[in-house]
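Every number in this text was worked out from the coordinates using simple rules, so none of it is lab data. This is a predicted model, so every value here is computed, not measured. Reconstructed Cβ throughout: ideal geometry from the backbone, glycine too, with neighbour counts over all protein chains shown.
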Amino acid sequence: MLVLENQSGVSSTAAAVQPRRFLFTHWEGGGNTPPMLALVRRLVKRGHAVRVLGDPCNREEVEATGASFGSWTRAPRRTDKSPASDPLRDWEVKSPPAMIGRLRDRLFVGPSLAQAQDVLSELERFQADTIVTSEMLLGPMVAAESAGIPCVALAANVYLFPRPGVPPFGPGLLPASNALGRVRDWIIQTMAMRTFAKGTAQFNDTRSAVGLGPVRHPFDQLQRLACHLVLTSAAFDFQATTPSSQIVYAGPELEDPAWTASWRSPWPPEDRRPLVLVGFSTTFQNQGDALRRAIEALAGLDVRAVVTAGPSIDIEALPSAPNVHVCQSAPHSELFKEAAVVVTHAGHGTVIRALAAGVPLVCLPMGRDQNDTAARVAYHGAGVRLNAGASPLKIRKAVADILAAPRYRERACAVGEQIVRDAQGSPAVQLLEQIAATAADGAHVPRSR
């Protein structure tokens with residue numbers, strides 16, 4: 001019998017589930033790691049055996065959850081989280097087509113054979129009932145199909161693959177409202193799909209090497225998934241005109257990252273100036289200049305400001321101001337309780353947790369999924385979206401506008417209430433248990449060559 005569970009790990013019945021075996025495959029991409037770890041921790045707490053195959057730089061974090069860890073061997077792997085070890089180095093790329101090509105060659109398709117071989121080797125040591133993989137790693141999906149094991153893709157962001165009625169991922173577009181907008185979306189989507197299609201021959205070589213037949217496009221691999229688990233709120237994301245039963249919105253994971261330091265306010269309790277929290281990427285995106293502009297902007301306002309620079313930035317290189325406290329990290333969940341505005345790069349984790357606390361945002365997206373996350377903030381009226389290179393004057397004005405206009409907090413609270421409900425009622429663990437139980441009972445449909 002399955003047990004319904006919320007994110008606190010409290011069961012809705014007293015019955016126990018049969019322990020299953022889950023193999024997670026992961027790449028260190030910054031914001032995609034804490035949600036994966038939170039889900040792993042919940043599965044371990046439920047008595048399941050969980051192993052994570054990933055980058056050595058994540059070993060300590062994984063083992064802290066109670067799961068076991070295995071490293072990529074054939075596939076590229078990161079031994080640390082420094083900019084030099086980042087396989088994408090996206091801050092170097094200025095052209096969207098070039099960025100798509102880099103994603104194809106360095107993450108989705110290029111290492112797919114090595115990833116598939118690593119997963120198949122790992123399955124000889126750890127016989128999993130289900131594989132749960134980052135949605136950007138097609139190699140583990142191929143390995144799962146070859147081994148006849150159900151595979152679940154894990155999205156720690158808004159859904160990024162093509163869907164009817166949803167603008168293409170990347171530029172941060174709002175949903176089309178007329179025929180011209182729909183043509184715009186079709187052109188951009190077609191260009192992106194064609195760029196990924198240039199990897200089809202190599203991807204089919206990967207499939208052939210593990211005994212599988214060809215596909216027409218690398219993204220066809222997604223059709224073979226048992227489920228695509230999206231760790232955000234459906235109320236936050238744009239919804240397709242034709243929903244897919246394969247795509248399941250399971251609500252976000254709202255925990256602070258494990259590396260977050262403790263917090264003690266530098267201001268006395270009687271200081272009631274509005275608190276502005278600045279939080280940019282946990283990984284390097286060359287965001288030092290954006291942090292400097294944010295500090296300069298907030299120095300000109302009658303506010304208290306906390307800047308959490310993240311582990312990739314040297315805080316000694318950042319400017320100071322009397323009303324601005326700069327630190328490497330702090331628990332955002334505590335600061336959100338008092339924050340009036342959050343200034344951010346619009347990473348999904350920061351945005352979704354700020355909204356869950358009802359805090360409006362000033363978004364300066366710098367790439368990755370951030371343009372699209374910021375578009376959803378703007379769509380819901382829960383904040384302001386600026387260019388990544390916005391001047392201190394524009395940032396200051398955006399913060400002042402939000403402080404002066406209650407509608408931003410009202411909209412943030414409205415969408416935040418639904419985000420919290422979705423997080424508390426997350427079906428992620430239950431769904432994974434169901435899929436693993438089906439596989440263990442022999443009901444999973446074997447692969448077809």
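Say the dipole of the chain comes from +1 at the beta carbon of Lys and Arg and -1 at that of Asp and Glu; which of L53, A67, G349 then lies farthest toward its positive end?
G349
Could you give the angle, 0 to 90 degrees to the nearest 10, between helix 179-197's Cα long axis and the longest principal axis of the Cα atoms of the chain?
Roughly 50 degrees between the two axes.
For the chain, how big is the tail of P(r) above 31 Å, as a whole percent of Cα pairs? Intermediate results must be reported in sequence, preceding the final value.
Values: 40990 of 100576 pairs.
So the pairs more than 31 Å apart make up 41 percent of the total in the chain.
Of Q239, A176, L298, which is farthest towards the positive pole of the chain's charge dipole, taken about the Cα centre with +1 and -1 on the beta-carbons of Lys, Arg and Asp, Glu respectively?
It is A176.
Starting from the exponent 0.38 and prefactor 2.2 Å, build the expected Rg for the stretch 192-255 from its residue count and divide its actual Cα Rg by it. Show your work: numbers first, answer last.
Working: Rg = 15.3 Å, N = 64, 2.2 N^0.38 = 10.7 Å.
Output field value: 1.43.
Under a point-charge model restricted to the Cβ atoms of Lys and Arg (+1) and Asp and Glu (-1), what is the dipole moment magnitude of the stretch 98-154 relative to its Cα centre, in debye to the nearest 20?
Details: 4 positive and 7 negative charges, 57 e Å.
The calculated dipole for the stretch 98-154 is roughly 280 debye.
Pop a pseudo-label 7 angstrom from the Cα along the beta-carbon direction at both L318 and V44 and give the gap in nm to one decimal.
Going by the 7 Å Cα→Cβ label model, 3.0 nm.
What angle do you read, to the nearest 10 degrees and between 0 and 90, between the alpha-carbon axis of helix 200-209 and the longest principal axis of the chain?
50
Treating only the Cβ of Lys, Arg, Asp and Glu as charged (+1, +1, -1, -1), what charge dipole size does the stretch 283-428 show about its Cα centre? Round to the nearest 20 debye.
On the way: 15 positive and 13 negative charges, 72 e Å.
Dipole size: approximately 340 debye.
List residues of the stretch 361-400, by number, whose backbone nitrogen lies under 13 Å from a label position 7 Å along Cα→C-beta of R292.
392
When the gyration tensor of the stretch 295-449 is built from Cα positions, what are the square roots of 5 times its three eigenvalues, in whole Å, from largest to smallest?
On the way: eigenvalues 270, 67, 46 Å².
Ellipsoid half-lengths, sorted descending, are 37, 18, 15 Å.
Based on a Kirkwood Rh over C-alpha pairs, give the Stokes-Einstein translational diffusion coefficient of the stretch 104-241 at 25 °C and viscosity 0.890 mPa s in µm²/s.
It comes out at roughly 153 µm²/s.
How big is the charge dipole of the chain about its Cα centre, in debye rounded to the nearest 20, if each Lys and Arg gets +1 on its Cβ and each Asp and Glu gets -1 on its Cβ? All intermediate terms of the calculation are to be shown ahead of the outcome.
On the way: 46 positive and 41 negative charges, 181 e Å.
Here the size comes out at about 860 debye.
Using every Cα-Cα pair within the stretch 9-117, state what percent have a distance larger than 22 Å.
Numbers: 2447 of 5886 pairs.
I get 42 percent for the Cα pairs in the stretch 9-117 exceeding 22 Å.
Over the Cα atoms of the stretch 65-127, what Rg and Dmax result, in angstrom?
14.4, 43
Report the number of Lys pairs in the chain whose alpha-carbons are under 24 Å apart, with separation of 8 or more residues or on distinct chains. Display every interim value, and only then the final one.
On the way: K81/K94; K94/K198; K94/K394; K337/K397.
Here the count comes out as 4.
Which number comes out as Rg/Rh for the stretch 95-179 once both Rg and the Kirkwood Rh are worked out on C-alpha atoms?
Details: Rg = 15.9 Å, Rh = 14.7 Å.
Radius of gyration relative to Kirkwood radius: 1.08.
Using Cα atoms only, what is the angle between the long axis of helix 370-379 and the major principal axis of the chain, expressed in degrees (0 to 90) to the nearest 10?
So the inclination is approximately 60 degrees.
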